[in-house]
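Asker: Got a structure for you, written out below as structure tokens; questions coming shortly.
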Amino acid sequence: MSKNIVDLYEPINVPKIVDENIWIVDGGIVTMAMYGTRIPFPTRMTIVRLKNGELWCHSPVELTPQLKA
């Protein structure tokens with residue numbers, strides 16, 4: 001039995017409302033190579049609907065078909 005070193009905030013790739021026109025989306029685990037080792041960490045995107053209706057994405061996660069819909 002193995003345990004992930006990093007726990008994810010489920011469900012992943014699903015927008016979660018923070019406030020009006022602001023969402024977060026938890027993504028999968030990515031690995032960063034540093035100092036001869038690999039460091040896993042979870043990803044999280046913030047989405048903001050701007051006044052003109054466009055979406056601004058900070059720190060984007062993988063765009064899956066379900067997330068795009």
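Please treat every number below as a calculation from the coordinates, not as lab data. Quick caveat: nothing in here was measured; it's all calculated off a predicted structure. Don't worry about glycine lacking a Cβ; one is built from the backbone with ideal geometry, like all the others, and counts go over all protein chains shown.
Asker: What FRET efficiency, computed as 1/(1 + (r/R0)^6) with R0 = 25 Å and r the Cβ-Cβ distance, is obtained for VAL14 and ILE39, rounded to the nearest 0.05? Write out the running numbers ahead of the final one.
Answerer: Numbers: r = 25 Å, r/R0 = 1.01.
It comes to 0.50.
Asker: In percent, what relative contact order does the range 15-68 have, based on Cα pairs under 8 Å that are 6 or more apart in sequence? Display every interim value, and only then the final one.
Answerer: Values: 85 pairs, mean separation 16.0, N = 54.
30 percent.
Asker: Let me ask you something else. Compute, for the range 15-68, the length of the dipole vector about the Cα centre, with Cβ point charges of +1 (Lys, Arg) and -1 (Asp, Glu) only. Units Debye, rounded to 20. Intermediate values should be presented prior to the final figure.
Answerer: Working: 6 positive and 5 negative charges, 18 e Å.
I would put it at about 80 debye.
Asker: Across the chain, how large is the tail of the calculated P(r) beyond 18 Å, expressed as a percent of all Cα pairs? All intermediate terms of the calculation are to be shown ahead of the outcome.
Answerer: Numbers: 1087 of 2346 pairs.
Summing the P(r) tail past 18 Å for the chain gives 46 percent.
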